[in-house]
1. What are the semi-axes of the equivalent ellipsoid for the chain, taken as the square roots of 5 times the Cα gyration tensor eigenvalues, largest first, in whole Å?
2. Per-residue HN-Hα couplings for the stretch 19-32, Karplus 6.51 cos²θ - 1.76 cosθ + 1.60 at θ = phi - 60°, whole Hz, x for Gly and Pro?
3. Hey, fewest Cβ within 10 Å first, where do Phe110, Phe55, Phe8, Phe18 land in order?
4. Across 10 Å bins from the origin, how do the percents of Cα pairs in the stretch 8-103 run, short distances first?
5. So who's got an amide H within less than 5 Å of the one on Cys75, skipping anything under 5 residues away but keeping other chains? H placed 1.01 Å off N, in plane.
Amino acid sequence: MGPGSPEFDVVAYGPTLFYLTGELDLSSADLLREAIGESVSGGGLITIDVTALRFIDGAGIRVIRDAVEAMPSGCIVVHGTSTTFRRLAEVVGISDLPRLHLQGCGADPFPRNTVTFVPKSDVATRFEALRESFVSLGAEARASCDAARDLVERTRAVRADLAIRRAA
C-alpha cells in the first residue's frame with residue numbers, strides 16, 4: 001500500500017484519475033490531499049474511483065469536500081461509491097455540493113492495459129478548443145431556450161386571443 005499508511009494507497013492514472021484502495025481515515029487523509037493537490041489547483045474534471053476502498057471516515061470525506069471547494073473550475077466525480085459511502089456523504093453534508101458527483105457502479109473500473117498520455121503542451125491547446133466549444137454551446141443553448149420561451153409566449157397569446165374570440 002502507500003507510504004504513509006499500510007492500509008491505504010492512491011494510484012494516479014494520469015493527472016486527473018485516481019484509484020483509492022484500503023482505508024481512508026484521519027491517518028491517511030493527507031496522502032489523498034497530496035496526491036490530488038496539483039489537479040485540484042488546476043481545476044477541470046477529476047475522477048476519484050473508490051471501488052476498492054474498504055473504509056472511509058469523516059476525515060476522508062473532508063478531503064474530498066475541501067478539494068471541491070478549492071477547485072477554481074470543474075468538478076469531482078467520485079466513482080464506485082457504496083451505499084455506506086453515499087450515506088456518510090449525506091450525513092456530513094457533501095452529497096448536495098453542486099460540483100461533486102457521487103456515482104455508484106458495480107463494474108470493474110480498472111484498466112487492462114495502460115495508455116500513453118498526450119504531451120502536456122498538446123493538451124493545453126486541445127483544452128482551449130474544448131473550452132471554446134463549451135462556451136459556444138452554452139450560447140447556442142441559451143439562444144435555443146430563449147427562442148423556445150418566445151414560442152411558448154406567442155402560443156399562449158394566440159390561445160388567449162382564440163379564447164376571447166370564442167367567448168364573444
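1. 44, 22, 14
2. Ordered by residue, 3J(HN,Hα) equals 9, 10, 9, x, 10, 9, 9, 4, 6, 10, 4, 5, 5, 5 Hz.
3. On the way: Phe110 11, Phe55 14, Phe8 25, Phe18 22.
Exposure proxy ranking, most exposed first: Phe110, Phe55, Phe18, Phe8.
4. Per 10 Å bin, starting at 0, the Cα pair percentages come out as 18, 59, 24, 0.
5. Amide H neighbours of Cys75, under 5 Å, 5+ apart: Gly44, Leu45, Ile46.
Read-outs throughout are calculated quantities, based only on the coordinates presented, and are distinct from any laboratory measurement. If you're wondering where the values come from, they're calculated on a predicted model, not measured in any experiment. Glycine also receives a Cβ, built like all others from the backbone with ideal geometry; neighbour counts cover every protein chain displayed.
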